[in-house]
Amino acid sequence: MSRQNVPNPAMDVLLQTLDLERLEGRLFRGRSPQVGWQRVFGGQVIGQALVAATRTVTQERRYAHSLHAYFVRPGDPAVPILYEVEIIRDGGSFATRRVVAIQHDKPIFFMTASFQDDEEGFEHQVAMPDVPQPEDLPGEAELKARFMQEAPPPIRAYWERPRPIELRPVALAHYLSNDKLEPRQNIWVRTTGPVPADRRVQAAVLAYLSDMTLLDTSLFAHGTSVLDRSLQVASLDHAMWFHRPPDLDDWLLYSQDSPSAFGGRGMTRGAIFTRSGTLIASVAQEGLIRKKATD
């Protein structure tokens, strides 16, 4: 039986988390898995907001092609999140939606998403980086056995937690040292269980995983990571473009680089490729990366 046909509890939880409850026409309720985090993972809010927007688009072959979002308050995982969708426009081939996520009577996040009918047009793309295949890299079990025993406790806890997305970094120096490195990384990613062959669900899962490791890449040049407890780190905004239909049946390469950090903010760009080299999505994010105040 292939991996994609083997159920995984963590993947099941993610799919349940993205399956919002519709309270009325344009109002939805989402819940967060209780995994001990102090705030809601940003990718979860992006994915849930995209699901809410998508469910108000009635055209059968009109799919998300871009989203632009801002995180304005940390999400509380202990209470539901309300998603209110505003229908901005339904045109001949495009539709626009605005989504506000609300907790404790205050907005925590807002997003604009655009949808387009499938159509033919010009085609080109950049080439995928030349990197080792995921089978040639240590898997999570091997990483834990070979490296994680000597890693700091926060890093061990991160890698040992059951997750719906498996990460297989091409390079491991960032996880095992404080060296200042070039602010770029390549990571193979894949779901740890089957995802329905529904293009809209797959887009939401891709949006979820798109928030992973971006802030960390912006810290490579500074010899630290998001697991450094002396840092205050948080996503500020997030943009994503869906170039081609998602394909979650195999490994994806998430290639990232951080062109700038300044003023307590780090900016990272990402490109998501299929194993065969097809560019399916591009991402850009700016995040807060600052030292915590000390007495």
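Hey, could you check region 225-278 for residues that are hydrophobic (A, V, I, L, M, F, W, C) and open to solvent by 30 Å² or more (accessible area, probe 1.4 Å) and say which is modelled with the lowest pLDDT?
Looking at the filtered set, the residue picked out is Leu227.
Restricting attention to region 279-295, and to residues there that are of a type outside the set (Gly, Ala, Ser) and open to solvent by 20 Å² or more (accessible area, probe 1.4 Å), which single residue is nearest to the chain's Cα centre (by Cα)?
Restricting attention to region 279-295, the residues satisfying the condition of being of a type outside the set (Gly, Ala, Ser) are 279-280, 283, 285-286, 288-292, 294-295.
Narrowing the set further to residues that are open to solvent by 20 Å² or more (accessible area, probe 1.4 Å) leaves 286, 288-292, 294-295.
Details: Glu286: 13, Leu288: 16, Ile289: 18, Arg290: 21, Lys291: 24, Lys292: 25, Thr294: 31, Asp295: 35 Å.
Within region 279-295, the match that is nearest to the chain's Cα centre (by Cα) is Glu286.
Residues of region 92-114 being within 19 Å of Arg200 (Cβ to Cβ) and not aromatic (Phe, Trp, Tyr), which ones?
Correct list: Ser93, Ala95, Thr96, Arg97, Arg98, Val99, Ala101, Met111, Thr112, Ala113, Ser114.
Looking at region 156-205 only, could you name the residues that are part of a helix (DSSP H, G or I) and closer than 24 Å to Gly47 by Cβ?
The answer is Ala157, Tyr158, Trp159, Glu160, Arg199, Arg200, Val201, Gln202, Ala203, Ala204, Val205.
Test Leu227 against the criterion of being assigned to a strand (DSSP E or B) and aliphatic (A, V, I, L, M), and give yes or no.
Criteria not met by Leu227.
Only one residue in Tyr254, Tyr208 is under 27 Å from Ala53 (Cα atoms) and part of a strand (DSSP E or B), so which one is that?
Tyr254
Given (1) part of a loop (DSSP other than H, G, I, E, B); (2) free of Cβ contacts under 8 Å to residues at least 40 places away in the same chain, where does Gly277 come up short, assuming only one miss?
(2)
Which one is surrounded by the fewest Cβ atoms within 10 Å (Cβ to Cβ) among residues in region 214-224 that are touching a strand residue (DSSP E or B) at 6+ places or on another chain (Cβ under 7 Å) and assigned to a loop (DSSP other than H, G, I, E, B)?
Only one residue tops the list, namely Thr224.
Six or more apart or on different chains, Cβ atoms under 6 Å: show the pairs whose first residue is in region 11-26 and within 29 Å of Arg190 (Cα to Cα) and whose second is part of a helix (DSSP H, G or I) and open to solvent by 50 Å² or more (accessible area, probe 1.4 Å).
Listed by first residue and then by second, the contacts come to nothing, as the list is empty.
Among strands (runs of 3 or more DSSP E) lying entirely in region 57-150, which contain 3 or more residues that are without any contact (Cβ under 8 Å) to a residue 40 or more places away in the chain and crowded, with 17+ Cβ neighbours inside 10 Å?
By residue number, 94-103.
Could you list, in sequence order, the residues of region 198-208 that are surrounded by fewer than 22 Cβ atoms within 10 Å (Cβ to Cβ) and either in contact with a Leu (Cβ under 9 Å, 6 or more places away or on another chain) or over 25 Å from Val6 (Cβ atoms) (or both)?
Arg200, Val201, Gln202
All but one of (1) at pLDDT 95 or above; (2) over 18 Å from Arg163 (Cα atoms); (3) of a type in the set (D, E, K, R) hold for Asp211, so report the exception by its number.
Condition not satisfied by Asp211: (2).
Considering only region 56-106, state which residues are modelled with pLDDT of 95 or more, over 24 Å from Leu14 (Cβ atoms) and among the basic types (Lys, Arg).
Listed by number, the residues that qualify are Arg62, Arg89, Arg98, Lys106.
For a quick check of your reading of the model, give me the residue pairs whose first member lies in region 259-272 and is over 27 Å from Asp130 (Cβ atoms), whose second is of a type in the set (A, V, I, L, M, F, W, C) and surrounded by fewer than 20 Cβ atoms within 10 Å (Cβ to Cβ), with beta-carbon atoms closer than 7 Å and at least 6 apart or on different chains.
Gly264/Leu288; Arg265/Leu236; Arg265/Leu288
Considering only residues that are under 24 Å from His174 (Cβ atoms) and not in a strand (DSSP E or B), which ones fall in region 239-251?
Residue satisfying the conditions is Trp251 alone.
The values are calculated or read from the model by the stated rules, or taken from the named source; none is laboratory data. Everything quoted here is computed from the prediction, not taken from an experiment. Note that we place each Cβ from the backbone using ideal geometry, even for glycine, and neighbour counts take in every protein chain shown. The protein model used for the area step is the full one, side chains on, heavy atoms only, and it has no ligands, DNA or RNA in it. Shrake-Rupley method; radii C 1.70, N 1.55, O 1.52, S 1.80 Å.
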